[in-house]
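A quick write-up on the structure given underneath.
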Amino acid sequence: MKYSSATSRQSIHASEGALIELRSLSKSYITPAGRTPALRGVNLSISPGEFAVVRGKSGAGKSTLVNMIVGIDRPDQGEIWVAGVAVHQLSEDELARWRGKNLGVVFQFFQLLPSIDLVQNVMMPMEFLGLYTPKERRQRALNLLEHVGLGGHTHKRPAEISGGQQQRVAIARALANDPPILVADEPTGNLDSRTSNEILDLFSFLNTQGKTLLIVTHDKNVAARASREIEIADGQIISSGSIDASPRAVSTNLNASLSMTRGNQL
Ligand code: ADP
């Protein structure tokens with residue numbers, strides 16, 4: 001792949017054991033009102049298999065932090081390492097391909113394409129990277145929709161299903177290229193509490209399946225599922241501890257329905 005030379009050249013610089021590592025990361029935005037610091041010297045290390053939530057007041061810098069990790073936005077200073085890749089040094093083309101393979105991204109407003117059906121929505125990231133044959137893409141998309149409990153809705157359009165179901169499709173799409181990391185920005189922010197819990201069950205399940213999760217949220221229920229809570233204020237991390245939680249519950253129903261199709265690769 002195009003970014004492989006950058007990968008091999010730089011991987012020796014990443015800390016051992018960290019899947020995501022931010023070093024002295026700073027970012028400001030220039031607005032008519034002046035310079036607004038969004039991140040100020042952030043250091044953070046996330047290990048494989050963690051379920052980390054990022055919390056903090058509006059304007060604290062949460063989205064900026066996530067946008068840096070995902071490579072949607074660039075830092076002014078500092079380094080971003082993900083799985084040994086120096087993300088801050090990738091070109092735009094390299095970034096797009098790298099993101100497509102390594103990160104599944106889930107947004108508050110789902111961001112499904114309205115004019116195509118659910119299977120086609122889930123197939124899109126595979127088509128973008130040219131992974132799998134067309135037949136395999138379709139089968140894989142069908143399997144993923146089955147995994148998220150939407151096996152009976154595959155040919156509907158996004159407008160024909162509920163918000164919670166749309167978020168499930170977005171999660172299936174995020175899993176399309178089997179990335180090791182899922183990143184979500186307020187994934188339950190547009191859902192009622194029952195539906196939010198169902199989505200959280202799905203995230204918890206995916207974490208038990210080995211996915212590393214990084215979720216930005218205001219929702220206290222999300223933190224209750226996480227193994228790590230990172231709190232940001234004024235562009236700085238003010239706490240970043242492990243949560244010694246009681247067993248993180250995954251609903252029995254979800255476990256049962258997903259285990260029926262566990263033979264299919266996530
Ligand atoms: P949060 O996600 O915690 O609400 P953000 O990361 O969105 O915080 O924003 C952090 C700070 O950076 C805020 O002061 C915000 O106004 C500013 N900011 C974020 N994005 C932009 C942008 N594109 N242009 C100008 N200022 C921005």
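The values are calculated or read from the model by the stated rules, or taken from the named source; none is laboratory data. These figures come from a predicted structure and were not determined experimentally. Note: ideal-geometry Cβ built from the backbone for every residue, glycine included; neighbour counts use all protein chains shown. When the accessible area is computed, the model is the full protein with side chains, heavy atoms only, and any ligands, DNA or RNA have been set aside. Shrake-Rupley method; radii C 1.70, N 1.55, O 1.52, S 1.80 Å.
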Approximate spin-label separation residue 238-residue 33, in nm, with each point projected 7 Å along Cα-to-Cβ = 1.9
Whole-percent carbon and sulfur share, accessible surface of the chain, 1.4 Å = 49
Can you count the Lys pairs in the chain with C-alpha separation below 29 Å, eight or more apart or on different chains?
-> 21
Gaussian network model of the chain, Cα within-10 Å springs - most flexible of 62, 135, 101 = 135
Check residue 230: other-chain or 5+ apart residues with amide H under 5 Å from its amide H, H built from backbone geometry?
-> 53, 54, 55
Residue 238 - accessible surface, heavy atoms, 1.4 Å probe, Å² rounded to 10 | 110
Hey, got the dipole for the chain? About the Cα centre, +1 on K and R Cβ, -1 on D and E Cβ, debye to the nearest 20?
-> 280
Probe 1.4 Å, all chains present, heavy atoms only: residue 81 accessible area in Å², nearest 10, is 10
Highest GNM mean-square fluctuation among 134, 158, 48, for the chain with Cα springs under 10 Å, belongs to 134
Residue 131 and residue 96 label points (each 7 Å along its Cα→Cβ direction) are spaced in nm at 1.7
Residues meeting the amide H criterion for residue 38 (H placed from the backbone, H to H distance under 5 Å, 5 or more places apart or on another chain) are 27, 28, 29
When the charge dipole of the chain is computed with +1 at the Cβ of Lys and Arg and -1 at the Cβ of Asp and Glu, the Cα pointing farthest to the positive end, of 132, 212, 202, is that of 132
